[in-house]
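Student: Let me begin by handing over the structure; questions about it come next.
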Amino acid sequence: MNLDYPIQFDGRGRTAATTDDKHIRDMIEQVLFTMPGERVNRPTFGSGLLQLVFAPNSDALAAATQLSVQASLQQWLGDLIQVQSVQVENIESKLLVTVQYSIRRTQQSQVAQFKRAV
C-alpha cells in the first residue's frame with residue numbers, strides 16, 4: 001500500500017492510499033523540499049533546495065542547483081526512477097522545479113512541476 005503525502009485520512013477514516021505514479025511523485029517532492037539534517041535517522045536525506053530562495057539569482061547558481069537536485073534524486077530514488085532532466089527557476093519569492101523522469105518499472109515518462117513559496 002502506498003500512503004498519500006502529506007499524510008491524511010480517506011472517507012472511511014483510514015490512512016489515505018494513492019496510486020504508484022502519484023506515490024513516486026510524492027517521494028520526489030519529499031526529496032526536493034526536505035533539508036539535509038531535518039530527518040534524524042537519515043541526516044543526508046534531501047536536496048537543500050529551499051535554501052536557494054534566498055540566494056542571489058545567477059546562471060551559475062541555477063546550473064549548480066540542477067546538478068545537486070539531480071544527484072539527490074538519483075541517490076534516493078534511483079531504483080524507482082530515471083531522471084531525464086531537472087530545471088530550477090527562482091522567481092522572486094517562489095521556487096519552481098520541473099523534473100522530467102521515467103518510472104523504471106513501467107518505462108513511462110512523466111513530467112512533474114513543484115513550486116514552493118517562502
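Student: Just to confirm the number: angle between the C-alpha axis of helix 20-33 and the first principal axis of the chain, 0 to 90 degrees, nearest 10?
Tutor: For helix 20-33, the angle is close to 40 degrees.
Student: Would you calculate the separation in nanometres between label points at THR19 and SER85, each defined as 7 Å from the Cα along the Cα-to-beta-carbon direction?
Tutor: It works out to 2.4 nm between the two label points.
Student: Would you mind calculating the relative contact order of the range 20-117 from Cα pairs under 8 angstrom and at least 6 residues apart, reporting the percent as a whole number?
Tutor: 20 percent
Student: What percent of all Cα-Cα pairs in the chain falls in each 10 Å bin, counting up from 0?
Tutor: The percentages, shortest bin first, are 13, 42, 34, 11, 1.
Student: About the Cα centre, and with charges only on the beta carbon of Lys, Arg (+1) and Asp, Glu (-1), how big is the dipole of the range 1-96? Nearest 20 debye, please.
Tutor: With only Lys, Arg, Asp and Glu charged at Cβ, the dipole is about 260 debye.
Student: What's the angle, to the nearest 10 degrees (0 to 90), between helix 59-77's Cα axis and the longest principal axis of the chain?
Tutor: 30 degrees
Every read-out reported here was derived from the displayed coordinates using simple, explicitly stated rules and does not represent laboratory data. This structure is a prediction, so every number in the text was calculated from the model and none was measured. Every residue, glycine among them, receives a Cβ derived from its backbone with ideal geometry; neighbour counts consider all protein chains shown.
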